[in-house]
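Just so you know, all these numbers are worked out from the coordinates, no wet-lab data involved. Computed from a prediction, not measured in an experiment: that's the story for all the values here. No Cβ is skipped: glycine too gets one built from the backbone with ideal geometry, and neighbour counts run over all protein chains shown.
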Amino acid sequence: MFNYQSITIYENGIGCNAGINMVNAIIFGAPGSGKGTYASRLQDKLSVNVIAMGDIFREIMKENTDLGREVKGYVEKGLLIPDSLTIRVLKQHITKIKNKKGFLFDGYPRTIEQAKTLEEIAKIGVIIQLVVPDWIIIERLSTRRICKNCGEVYNIRYLKPKVEGTCDKCGGPLYQRPDDTPKVIKKRIQVYEQQTRPLLQYYKEKRIPFIEFKTESLEMPPESAVKGILNEFEKLKLI
Ligand code: ADP
Ligand code: ZN
């Protein structure tokens, strides 16, 4: 049995650090919509723990284990890892974390089944929905690089590191994800549309507040997006 006591947050502030709001959020959007980029910047500003499912799976893939190979088989094809496995991995990961002021989920949930499991773990207070046109997604993903060490996201045209090929945050080497190829990108977008997009309706029906954030230009710096998102948090009195 997992003990979720320390990670289940039912009311803002109640039973937690007095006067400090606590919130669990999901950052939601197609591949390349900016989830990871914004989540890593929102982490400190909101004092939350980011749970980045893709990063967790990339760590697992580094291991030369049966599990690593199984995960790789799906990721390389742009397919979702089966729910039972994803849910098991999430639960194992989350019990290891000392909670701050809440969680920001990036890349989880991606199916209705996963969303139902999340309900047993944490009460979601807000959904950040990133809306980005397809042409921006394709351009961004094909020029994206990530840090092998810490998973930070860069772009060789639009979000360059200070030193070429090196992570600003940790000095780790940058690489292109093997699933950032045109064929796999296409598949991931298709999988998003079919399996993940229906979650938006699912959460709307649950009347969870949405923060919708639109990107219309490739040049928009992540900092302005983050500022826009934080403004909405304030308006909803979540911070
Ligand atoms: P993206 O840029 O497509 O949003 P992520 O880094 O979040 O990428 O995820 C990379 C891959 O990891 C996905 O294409 C999928 O194979 C796997 N993955 C990540 N999160 C999940 C999840 N919640 N359920 C199933 N598979 C997942
Ligand atoms: Zn790094």
| request: Could you check L174 against (1) among the hydrophobic types (A, V, I, L, M, F, W, C); (2) in a helix (DSSP H, G or I); (3) crowded, with 17+ Cβ neighbours inside 10 Å and say which number it fails? | output: (2)
| field | Candidates L159, L218, L141, L130 - the one that is closer than 17 Å to A25 by Cβ and not aromatic (F, W, Y) | value | L130
| request: Could you tell me which numbered condition I156 fails, if it satisfies all but one of (1) within 23 Å of Q190 (Cβ to Cβ); (2) among the β-branched types (V, I, T); (3) surrounded by fewer than 18 Cβ atoms within 10 Å (Cβ to Cβ)? | output: (1)
| field | Evaluation of Y158 against (1) more than 14 Å from ligand 1 (Cβ to nearest atom); (2) within 17 Å of the chain's Cα centre (by Cα); (3) closer than 15 Å to T37 by Cα; (4) hydroxyl-bearing (S, T, Y) (one fails), failing number | value | (2)
| task | Working only within the stretch 61-117, note down all residues that are among the acidic types (D, E) and more than 25 Å from K186 (Cβ to Cβ). | result | E63, D66
| remark: Sole miss for I51 among (1) near ligand 1 (Cβ under 8 Å from one of its atoms); (2) of a type in the set (A, V, I, L, M); (3) crowded, with 20+ Cβ neighbours inside 10 Å is condition (1)
| said: Against the condition among the hydroxyl-bearing types (S, T, Y), within 15 Å of ligand 1 (Cβ to nearest atom) and farther than 29 Å from Q201 by Cα, how does S84 come out, does it pass? | reply: no
| request: Could you grab me the full set of residues in the stretch 137-151 that are surrounded by fewer than 20 Cβ atoms within 10 Å (Cβ to Cβ) and either assigned to a helix (DSSP H, G or I) or in contact with a Lys or Arg (Cβ under 7 Å, 6 or more places away or on another chain) (or both)? | output: I138, E139, S142, T143, C150
| query | Is it the case that some residue within the stretch 51-58 is of a type outside the set (K, R), closer than 17 Å to R88 by Cβ and without any contact (Cβ under 8 Å) to a residue 12 or more places away in the chain? | reply | no
| note | Filtering the stretch 151-174 down to residues that are within 11 Å of ligand 2 (Cβ to nearest atom) and farther than 24 Å from T111 by Cβ yields E152, Y154, P161, T166, C167, D168, K169, C170, G171, G172, P173, L174
| Residues of the stretch 214-234 that turn out to be part of a helix (DSSP H, G or I) and either of a type in the set (D, E, K, R) or in contact with a helix residue (DSSP H, G or I) (Cβ under 9 Å, 6 or more places away or on another chain) (or both), as a count | 10
| query | Can you spot a residue in the stretch 195-213 that is assigned to a helix (DSSP H, G or I), under 26 Å from K148 (Cβ atoms) and of a type in the set (F, W, Y)? | reply | no
